[in-house]
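Take a look at the structure set out below.
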C-alpha cells in the first residue's frame, strides 16, 4: 500500500506543468473513465507515454529533450488539445492499469496515439493512430504525421511491395508489433524466415525475435513463450547459451512463478560470472523481476560488482541504485545514483541517464515527504 501511495504522489508531482512543454493530465484509475469520455466527446486524441524514467535511457532522454523541456514549444503546440497520460510501464499500480486497459507495449518508452469513440471504455478499445517505440530522431514528426492521418503500417506495406527484401519485411513485422497486432506480426515473420538469403545467424536471430516479441512482450503469454522457446532451441541447439534466449526463458519462468526452474538457470548462466555484461544483465533481470524473488541477492551482488569491476563503477552504482529504489530504500538509492553521476563524469555517454535517475529518485523522496 505504501508503494502505491508513493507512486500516486509521484505521478501528481510529475503531472504538474511547472513550465514544462507538455501538459500531462492528472489521472488515476478512478478518474480515467471521465478523461476517456471527455476525449471521445471532443474528438480529441489521447497520447499515452509509457515510461520508466528510473532506469530507461530513452525515457530520460525523451523527457529531458522534449516532453519536459520548456524550450520544446513545438510539442507543446501539437499536444495542446490532447489528453496526455504518463504511465509507468513496469511499476504498480500503473502496470496493472495498462493490463486492465488492454494495452500492450514493446518496451519503454512507447508512445501511443489513440482516438477514442463514444462508447469506448478502455484504451484498448480506441482506434490506435500511432505507436512510437523508443525516442527516434523523428519522434515529433511521427506524431505530427499520425495526427494528420499518416498510416505507418500502410507505409511499411508499401515498402515491402517496392523492395521485397529482408529489412522491409522486418520493419513491417515491427510496425504490426508496435500496433499490438501479434498475429499479423507472426505471419510476416513466417514469410521472412522463408527467405533463402538469410544467413544461419540471421535466421536464428529472427526466429527468436519472431516468438519473443509477439508472444512474450505483446501478448504476455508466458506459458506459450516457454513452449516456443523449447521449439526454438531444438531447432537451433547452438543458441542454448544465447543471452537473449536465457533471459527470455528466465523471465517467463519468473512470471509464471516457476522459481526453482528459474533459479537453476540463473545459477548456471549468470551467477559468479566473470563477464561484467552477464552480471549487469542479471542485475537488470532482478530489478524487473515481477516476483521480487531476486532483489535481496541482487542488491549484495551489485555492491560486489562495484568493487569487482572498478572500470565500470558508474554502471554498477546505477544498477545498485535501481535495486535499492525497487526495495523502497530511497535515501540509499539517491546516494547510489549520485555516486554513479560522480564516477561517470560529463563526458560519459550515459551521464544524462545517471543524472535522470538521480533526479527521478529525488522527486520520489520529495513526493513521499509531502
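Bear in mind these aren't lab numbers, they're just calculated from the coordinates by the rules spelled out. None of these values were measured; they are calculated from a predicted model. A quick note on method: Cβ atoms are made from the backbone with ideal geometry, for glycine too, and the neighbour counts reach across all protein chains shown.
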- Find how many whole Å separate the alpha carbon centroid of segment 90-163 from the alpha carbon centroid of segment 167-189. 14
- Rounded to 5, the percent of DSSP beta bridges in the chain classed as antiparallel: 65
- Message: Defining a contact as two alpha carbons under 8 Å apart and six or more residues distant in sequence, what relative contact order in percent does the chain show?
- Response: 14
- Message: P(r) for segment 70-202, please, calculated from all Cα pair distances in 10 Å bins and given in %.
- Response: 11, 36, 34, 16, 4, 0
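Relative contact order for segment 224-370 using alpha-carbon pairs under 8 Å, separation at least 6, rounded to a whole percent?
14
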- First obtain the Kirkwood hydrodynamic radius of segment 151-198 from its Cα pairs, then insert it into the Stokes-Einstein equation at 10 °C and 1.306 mPa s, and state the resulting D in µm² per second as a whole number. 151
- Taking 148-160, 352-364 and ranking on average Cβ neighbours within 10 Å, highest first, one gets 352-364, 148-160
- Item | Largest-first ellipsoid semi-axes for segment 167-251, taking √(5λ) over the Cα gyration tensor eigenvalues, angstrom | 19, 17, 9
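Sum -39500 (n - 2.57) across every DSSP H segment of at least 4 residues in the chain, then divide by the residue count to get the 222 nm mean residue ellipticity, nearest 500. Working shown, then result.
Details: 18 runs with 213 residues, N = 370.
Taken over the chain, the calculation gives -18000 deg cm²/dmol.
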- Task: State, as an integer percentage, the relative contact order of segment 151-198 based on alpha-carbon contacts under 8 Å between residues 6 or more apart.
- Result: 34
- Item | Equivalent ellipsoid, segment 129-276 (semi-axes from 5 times Cα gyration tensor eigenvalues, Å) | 31, 19, 14
- Message: At 4 °C and a viscosity of 1.567 mPa s, what translational diffusion coefficient does Stokes-Einstein give for segment 1-150, taking Rh as the Kirkwood radius over Cα pairs? Give it in µm²/s as a whole number.
- Response: 84
- Query: Where does segment 248-345 land on Rg(C-alpha)/(2.2 N^0.38 Å)?
  - Reply: 1.06
- Query: How many nm is it between the label spots at residue 196 and residue 295, if each spot is 7 Å from the Cα in line with the beta carbon?
  - Reply: 5.5
- Quick one: pull the percentage of alpha-carbon pairs in segment 71-135 with a separation above 14 Å. 65
- Taking only the alpha carbons of the chain, what extent do you get along each of the three principal axes, in Å, biggest first? 58, 57, 40
- Query: Expressed as a whole number of Å, what is the distance separating the alpha-carbon centroids of segment 319-370 and segment 246-274?
  - Reply: 27
- Note on the structure: So the FRET efficiency between residue 38 and residue 265, C-beta based with R0 = 35 Å and rounded to 0.05, is 0.15
- Relative packing of 166-173, 71-78, which averages over residues the other C-beta atoms within 10 Å, highest first: 166-173, 71-78
